[in-house]
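The structure under discussion appears below in the form of structure tokens.
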Amino acid sequence: MILVSCRNDSYLYNAYHMVKAFFPEEEVHSSVEEKASHFATAEFPDGSRLILDAEGSGEKDKHVLDRQWYRMLAEKAGRTLAWGTLLGVRPTKLAFQKRGEGFDREEFLSWFRKEYLVSEDKAALAWDISGRERTLLGQLDLNEGYSLYIGIPFCPTVCSYCSFSSGAIGDWADRVTDYLDALCRELASIAECSAEKHLNCIYIGGGTPTSLSARELERLLSFVDEHFDRSRLLEYTVEAGRPDSITREKLEVMKKHGVTRISVNPQTMQQKTLDLIGRKHTVEEIEEVFCLAREIGFDNINMDLIAGLPGEGPAEMQDTLEKVGRLSPDSLTVHSLAIKRAARMGQEEQKARMGTDIGEMTRMAEEAAGRMGLTPYYLYRQKNIAGNFENVGYAKVDKAGIYNILIMEEKQSILAAGAGASSKIVLKEPCPMPGSRKKKLTNLIRIENVKAIDAYIERIDEMIQRKGEWLWH
């Protein structure tokens, strides 16, 4: 166990997460010690200590402290981190901002590497992706437009690595109609409030939306048709996801209602792994469903993969990439398994080597994506990924997921309906941040729906009211 303590609680978050990034296999405990003689310390199982001193009890620039803390940890660990001192999940946001300030590529790379100690290749990746994001966002009406998220919190079964708030559809069979009733009420309210605005993207996610029956899916998509103007719509995605939830009838329902983009997400093409993580389908079924979607006319299909699943290393990833490559998806999203998810799957004994393996596997995925004609167009990071890596989306020309970029860059309001759904309302003028004692100003208001399915159904009026006071503030 590693014990991290800080004299100033405002720096504890940075100190803890940087230690966790360097030593993901270790349990890390943190505490505030206001009377400590040192600003921050880390005590290791071997009895050694790292000590960070700072003048003015933490009044020194946090970036300076981060670099000092990082360099001590790097020496202790005997390695560096690809993303340096960065702890945030949206590194491209910094590149996006610097483009707006007039930075060119070389200026940004120099600044990014010096300020955050980011590796040269990750700095270049952030810059290149931010340019593609900027081009795609240029298609949207950022001032008078909005995007819509619809959450379906059901799956055929719950995968062992999953951290989303979803439930097995069989456990909720008697409440799906009640859920759709509540969901449609919330959607009707959103449609009424946004009638004068331009809808640019619709994303139906979850969970697994295709856990719904064809009849239930027909009901939901018909409701969207009736209540929302799609004349300015650029993208309509349904996260079909699990192959064992997809049928010809459901694909035909989606095609009939104008869905333009779907996902068929294997996560891996290794049958032993699919069985282990709770996926009740075969590799052959993944291939069959993908080909069926092509036959029905879908020309924008995404596939998701996860690097670091139980028992998998570079050899398994190579085989998976070869099988996916033969299908030729229009986009590919490669996720790095987070340590907390690995722990839930009983991978504690593998955590120490996961960082090295995941790094090799993501490099292989990048090369394979290039051979498939796919270019990186968005990325995000998660805390506690072994090796401090990232999740990257690759796509063919004109097939990039616009909604994915909106989630990362937060340039347009996203109104969200459903259990656990989070609305992000971009304001034209800053306002005091809700709940902030220091009266901080913000241009972005987040409004969370309750996660529990039964609570959402029972409290739907409250969910509607929460958004009402902020919509188009």
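Taking into account only those residues within the range 420-452 that are at pLDDT below 85 and among the small types (Gly, Ala, Ser), which is least open to solvent (accessible area, probe 1.4 Å)?
436
Take residue 178 and decide whether it is over 19 Å from residue 401 (Cβ atoms), in a helix (DSSP H, G or I) and of a type in the set (D, E, K, R).
In short, yes.
Residues to consider are 237, 260; find the one that is of a type in the set (Ser, Thr, Tyr), open to solvent by 50 Å² or more (accessible area, probe 1.4 Å) and more than 21 Å from residue 285 (Cα to Cα).
260
Any residue in the range 27-43 that is crowded, with 18+ Cβ neighbours inside 10 Å sitting within a Cβ distance under 7 Å of a residue that is of a type in the set (Gly, Ala, Ser) and assigned to a loop (DSSP other than H, G, I, E, B)? List the pairs, counting only those 6 or more apart or interchain.
From residues that are crowded, with 18+ Cβ neighbours inside 10 Å, the pairs are 39/54; 39/58.
Show me the helices (runs of 4 or more DSSP H) found entirely inside the range 82-156 where at least 2 residues are surrounded by fewer than 18 Cβ atoms within 10 Å (Cβ to Cβ) and among the small types (Gly, Ala, Ser).
Passing ranges, in order: 120-137.
Quick one: in the range 44-54, which of the residues that are in a strand (DSSP E or B) and among the aliphatic types (A, V, I, L, M) is least open to solvent (accessible area, probe 1.4 Å)?
Taking the candidates together, the pick is 52.
Kindly provide the set of residues from the range 366-382 that are open to solvent by 20 Å² or more (accessible area, probe 1.4 Å) and in contact with a Pro (Cβ under 9 Å, 6 or more places away or on another chain), ordered by number.
366, 372, 380 - these are the residues of the range 366-382 that are open to solvent by 20 Å² or more (accessible area, probe 1.4 Å) and in contact with a Pro (Cβ under 9 Å, 6 or more places away or on another chain).
Sort through 455, 417 and tell me the only one that's open to solvent by less than 10 Å² (accessible area, probe 1.4 Å) and more than 22 Å from residue 96 (Cβ to Cβ).
Matching residue, one of 455, 417: 417.
Taking residue 199, is it of a type in the set (A, V, I, L, M), in contact (Cβ under 8 Å) with a residue 40 or more places away in the chain and touching a helix residue (DSSP H, G or I) at 6+ places or on another chain (Cβ under 7 Å)?
No.
Under 30 Å from residue 363 (Cα atoms) and of a type in the set (S, T, N, Q), is that true of residue 177?
No: the conditions fail for residue 177.
List pairs: first residue in the range 397-425 and over 30 Å from residue 461 (Cα atoms), second residue modelled with pLDDT of 95 or more and of a type in the set (S, T, N, Q) anywhere in the structure, Cβ distance under 8 angstrom, at least six positions apart or on different chains.
397/375; 399/300; 399/331; 400/331; 401/237; 401/302; 401/331; 402/200
Among the listed residues 73, 12, which satisfies the condition of being open to solvent by less than 20 Å² (accessible area, probe 1.4 Å) and within 26 Å of residue 389 (Cα to Cα)?
73
Can you tell me how many residues within the range 15-41 are touching a Ser or Thr at 6+ places or on another chain (Cβ under 8 Å), outside any strand (DSSP E or B) and under 25 Å from residue 82 (Cβ atoms)?
Going through the range 15-41 one residue at a time, the tally reaches 3.
Is it the case, given these coordinates, that residue 398 is part of a helix (DSSP H, G or I) and either touching a Ser or Thr at 6+ places or on another chain (Cβ under 8 Å) or modelled with pLDDT of 90 or more (or both)?
So residue 398 fails the test.
Go through the residues of the range 273-293 one by one and say whether even a single one is touching a His at 6+ places or on another chain (Cβ under 8 Å) and either polar (S, T, N, Q) or crowded, with 17+ Cβ neighbours inside 10 Å (or both).
Yes, the range 273-293 contains at least one residue that is touching a His at 6+ places or on another chain (Cβ under 8 Å) and either polar (S, T, N, Q) or crowded, with 17+ Cβ neighbours inside 10 Å (or both).
Taking the range 214-245 on its own, how many of its residues are without any contact (Cβ under 8 Å) to a residue 12 or more places away in the chain and over 18 Å from residue 194 (Cα atoms)?
Here the count works out to 1.
The values are calculated or read from the model by the stated rules, or taken from the named source; none is laboratory data. Treat the numbers as computed from the prediction; the structure is a model and nothing was measured. Reconstructed Cβ throughout: ideal geometry from the backbone, glycine too, with neighbour counts over all protein chains shown. Protein only, heavy atoms only, side chains kept; ligands, DNA and RNA dropped before computing areas. Shrake-Rupley method; radii C 1.70, N 1.55, O 1.52, S 1.80 Å.
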